[in-house]
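All remarks here apply to the structure that follows.
The values are calculated or read from the model by the stated rules, or taken from the named source; none is laboratory data. Everything numeric here is computed off the predicted structure, so don't read it as measured data. All Cβ positions, even for glycine, are placed from backbone atoms using ideal geometry, and neighbour counts span all protein chains on display. Heavy atoms of the whole protein, side chains included, go into the accessibility calculation; ligands, DNA and RNA do not. Shrake-Rupley method; radii C 1.70, N 1.55, O 1.52, S 1.80 Å.
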Amino acid sequence: MKKTMDSLSQVRQAMPASGIRQLKTESAEVSDAIHLEIGEPNFDTARHIRDAAIRAIDEGYTHYTPGLGLPEVREACSDSVNRRFGWASDSSQIAMTVGATNGIGNAFLAVADPGQEVLIPDPGFPNYEQMLAAQNSRPVRYKLDSAKDFHLDFTELDSRVSLRTVAILVNSPGSPSGTVLDSEELARLYDFARRHDLMIISDEVYDELVFEGEHHPLGSFDEDGRVISAYSFSKTYAMTGWRIGFTVAAPQITELFAKIMQTNVSCASAISQKAAEAAFTGPQQVVSDMRQAYADRRDAVCALLDQHNVPYIYPHGAFYVLVDLQATGLDGTNLARTLLESTKVATAPGATFGEQTSSMVRVSLAKDKDTLLKGVERIADFAHPHDE
């Protein structure tokens, strides 16, 4: 066994683990646990989308597709972003992917060689760091401004750029904070990237989950093909298990994605692609209904935390609330683990998203309201253990 272990990849063994998944595994052993750790909609995929998948099976969409996806589905994705954002994209810029994670992974492989650096946010989704580590590129965390609810800090950004930096990743609305970057910030970010000649990878997975104002995709600022946008059907249409997303990028980048896809997944599922087509071309009321449900839950959770004087980051998008438990004196993974053991509430440890949130936990709003508030009530009691 020792010889076998010695022969395994040192790079892959050194990959950081996801604290979210670790807590999900641990909480599975706790009977009657309230699960607020995973960002998965608690809604079923809409009937018309499921029906489209059934038709696809009956019509023989059970084979490989072209590496970049079915032409009509790529066209539907292009039409969607054009309609929503006023773009002039075409299907040559679209690559169908196995969820947004695959799209972001493709982007990292396309822009960064081993040893080169990609700027990723702190706090930010832990998979970014894992994916870069897996390809032997170097993730470099840039701190979002904690004093301003984790908006961009351009002095910090400038300080993180080196001769090895090739790209920056941005996520708005963001996980774990729910922060929504405004158009002025994004325009300034684009200028920053152009000044340093960096590619931009824009994680747009929560693009339809903005509660106030409107979403401004970074692709709207792209003038020279430096933005790669990764989209997903997982959150918007409650299609996590379908594993389907797409990227929008310059045609030459998209052609490179075709080669990258061949080496890891061949192509996205034909059945899931046809379901995605139906999602974009069918009724959109399901999207607004889910968005309103998350907004209502956010308001109820924040009101409850205010009532108990527990600090948190107020989210304007996505479906999470970052709860600050610094008063407990705990931090890191031990904070979420102790919370689970003490209250039977599973949350995502803030430490898995970066150093700045090590004394926080992320609460998912993707839970029925009664169960959600019951869990948050326990968290509030945990936050003030010595209160009468």
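Below is a table of values for the structure above.
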{"read-out": "Subset tally (residues that are farther than 13 Å from M360 by Cβ and modelled with pLDDT of 95 or more) for the stretch 315-337", "value": "4"}
{"read-out": "Number of the exception - Y231 against (1) crowded, with 23+ Cβ neighbours inside 10 Å; (2) among the hydroxyl-bearing types (S, T, Y); (3) assigned to a loop (DSSP other than H, G, I, E, B)", "value": "(3)"}
{"read-out": "Residue in the stretch 309-323 that is open to solvent by 10 Å² or more (accessible area, probe 1.4 Å) and in contact with a Ser or Thr (Cβ under 6 Å, 6 or more places away or on another chain) present", "value": "yes"}
{"read-out": "Number of the exception - K344 against (1) out of contact with any strand residue (DSSP E or B) (no Cβ under 7 Å at 6 or more places or on another chain); (2) open to solvent by 10 Å² or more (accessible area, probe 1.4 Å)", "value": "(1)"}
{"read-out": "Unique residue being surrounded by 15 or more Cβ atoms within 10 Å (Cβ to Cβ), under 26 Å from K235 (Cα atoms), charged (D, E, K, R) and free of Cβ contacts under 8 Å to residues at least 40 places away in the same chain when the list is E214, E185", "value": "E185"}
{"read-out": "Contacts under 6 angstrom Cβ, first residue in the stretch 235-255 being under 19 Å from S80 (Cα atoms) and in contact (Cβ under 8 Å) with a residue 40 or more places away in the chain, partner among the aromatic types (F, W, Y) and crowded, with 19+ Cβ neighbours inside 10 Å, 6 or more apart", "value": "K235/Y206; M239/F233; I244/F233; G245/Y231; F246/Y231"}
{"read-out": "Residue, nearest to P311 (Cα to Cα), within the stretch 352-367, restricted to residues that are over 15 Å from the mean Cα position of the chain (by Cα) and charged (D, E, K, R)", "value": "E355"}
{"read-out": "The stretch 34-61 - residue that is small (G, A, S) and in a loop (DSSP other than H, G, I, E, B) and, of those, nearest to E72 (Cα to Cα)", "value": "G60"}
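Okay, residues lined up against (1) under 12 Å from A276 (Cα atoms); (2) under 21 Å from the mean Cα position of the chain (by Cα); (3) among the hydroxyl-bearing types (S, T, Y):
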residue	(1), (2), (3)
H63	no, no, no
R74	yes, no, no
C77	yes, yes, no
S80	yes, yes, yes
W87	no, no, no
S91	no, no, yes
A95	no, yes, no
G99	yes, yes, no
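Condition check ((1) modelled with pLDDT of 95 or more; (2) closer than 30 Å to R138 by Cβ; (3) crowded, with 19+ Cβ neighbours inside 10 Å; (4) of a type in the set (S, T, Y)) across all residues:
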site: T45; (1), (2), (3), (4): yes, no, yes, yes
site: H48; (1), (2), (3), (4): yes, no, no, no
site: G60; (1), (2), (3), (4): yes, no, no, no
site: P66; (1), (2), (3), (4): yes, no, no, no
site: L70; (1), (2), (3), (4): yes, no, yes, no
site: E75; (1), (2), (3), (4): yes, no, no, no
site: D79; (1), (2), (3), (4): yes, no, no, no
site: I94; (1), (2), (3), (4): yes, yes, yes, no
